[in-house]
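Structure, as structure tokens:
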Amino acid sequence: MKFHLMAGVATIALAAGAANAQDLVFPIGEGDFNWDSYQAFADSHEADGTAITVFGPWLAGEAEAFENLLAYFNEATGANATYSGSDSLEQQIVIDAEAGSAPNITVFPQPGLAESMAERGFLSPLPEGTEQWVLDNYAAGQSWVDLGTYANAEGEDDLYGFFFNVNVKSLVWYVPENFEDFGYEVPETMEELKALMDQMVEDGETPFCVGLGSGGATGWPATDWVEDLMLRLHAPEVYDQWTTNEIPFDDPQVIEAIEEYGFFTGNDDYVAGDATATAATDFRDSPKGLFDVPAQCMMHRQASFIPAYFPEGTVVGQDADFFYFPAYEERDLGRPVLGAGTLFAITDANEGTDAFMQFLQTPIAHEIMMAQDGFLTPYTEANPELYSSDALRGQGEILTNATTFRFDGSDLMPGGVGAGSFWTGMVDYSSGTASAADVASDIQDSWENLQ
């Protein structure tokens, strides 16, 4: 782990639980962490002996990292906050809430389930002041407020979801050595990216590797492309209308985004192999062309998880790197970012739940997670030097520079569409068996026919 320790920093005297400080993963008072925010929180919050149960989707290493964070909350307040994880959270939390035995706080992997539970009266609003804090401290703050605001059982909107730990999908991966060999520079705008693609073709190279294969989920990588392009071609309000079917799937604005996806991936000059056969390439195999000698492609658009499928021993930041999938300068829509993430909500309020949600609003809470692995935050006041790797730091900078953030659109749509007809429709379009307009019309029909 790369976190910077400062020699000679005096240990801060703490009011609560100082005897157990040595059990914390990062000793209090050491390093470039914002320990002042920890001290201020400890001074203003006390929850001696209060039991707080947190239920979430994290298992193994992710669960351990979050439990390490809970230790600081317990140390500061005297509370007894504990975590349990499950890969069946979506089903279990509904069962528990209906039985009146919900945990105090639940970590939802996407907004849809939290929204439906708020409508059923199973969530409590976040502490007063949380909305303003998010607006003031998260890049693209209004986006995060919107994603966490739902109607309650009476139809009145309130802020129920606090996003903590997100990921980035708006990434293009490349091999720096390949770019250096040809003198290519990382594009800053979509116009520059398209010009770079043409230059690659002129040089006898292929811009992109694309793979849509994923077993029964084949097609989902294409939906990510379309979602990213919707955010770059149209205002975020249009994206929101699209994911809720306020505008139909066959609206001209949606068809435009599908056809723009076709610009990148439907041309044999731009795609390694046969552009109409991308569904036959597994998404896990598709980035490997970056590393062939000679390279089969120069770039690969995929989310932050894809290095798990790079050749063994690949060092991100050296052997492979990434850049932000850029916005169109001519559209003037800022720097939109597509991604996903987890949100915290209060499912059984007690005297400690508000304190915990306020703890998540401190720099130290974010920094403790940043200094471990697999955590990203849009919080602009957290110290980016504490990220555990250069790759995470770079992705974190994309988040803190974002002007708009939107959640993966297919995850916001009904399952029959977002994990059904949208996937299969994009396969049909990518294979050249259907036009963008026909595919969009078929998807809209499937939405209207949902039971």
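Brief remarks on what is shown
- With eigenvalues of the C-alpha gyration tensor scaled by 5 and rooted, region 323-451, Å: 36, 22, 13
- Dipole moment magnitude, nearest 20 debye, region 301-371 about Cα centre, only Lys, Arg, Asp, Glu C-beta charged: 160 debye
- Accessible surface, the chain, averaged per residue in Å² (probe 1.4 Å): 40 Å²
- Prolate/oblate/rounded call for region 314-360, Cα gyration tensor, a/c under 1.5 rounded: oblate
- Rounded to the nearest 20 debye, dipole of region 74-189 from Cβ charges on Lys, Arg, Asp, Glu: 320 debye
- Descending by average beta-carbon neighbour count within 10 Å, the peptides 241-250, 136-145 line up as 136-145, 241-250, the highest first.
- Computed E for Ser389/Ala151 - FRET, C-beta separation, R0 35 angstrom, nearest 0.05: 0.30
- Summary of packing: across the peptides 192-205, 159-172, the per-residue average of other C-beta atoms within 10 Å ranks them, highest first, as 159-172, 192-205.
- Rounded percent of accessible protein surface that carbon and sulfur make up, region 242-350, 1.4 Å probe: 45 percent
- Dipole in debye (nearest 20) - the chain, about Cα centre, beta carbon charges: Lys, Arg +1; Asp, Glu -1: 820 debye
- Once both labels are positioned 7 Å from their Cα atoms along Cα-to-Cβ, the gap between Ala63 and Asp438 label points is 4.9 nm.
- When each of the peptides 371-379, 303-311 is scored by how many other beta carbons lie within 10 Å of its residues on average, the order from highest to lowest is 371-379, 303-311.
- Percent accessible area from carbon and sulfur atoms, region 23-156, protein chains only, probe 1.4 Å: 43 percent
- Dipole of the chain, positive direction: furthest Cα of Val94, Ala153, Thr82, with charges on the beta-carbon: Thr82
The values are calculated or read from the model by the stated rules, or taken from the named source; none is laboratory data. This one's a predicted model, so the numbers in the text were calculated from it and none came from an experiment. No Cβ is skipped: glycine too gets one built from the backbone with ideal geometry, and neighbour counts run over all protein chains shown. Heads up: the accessible areas ignore ligands, DNA and RNA and are worked out on the full protein's heavy atoms, side chains in. Shrake-Rupley method; radii C 1.70, N 1.55, O 1.52, S 1.80 Å.
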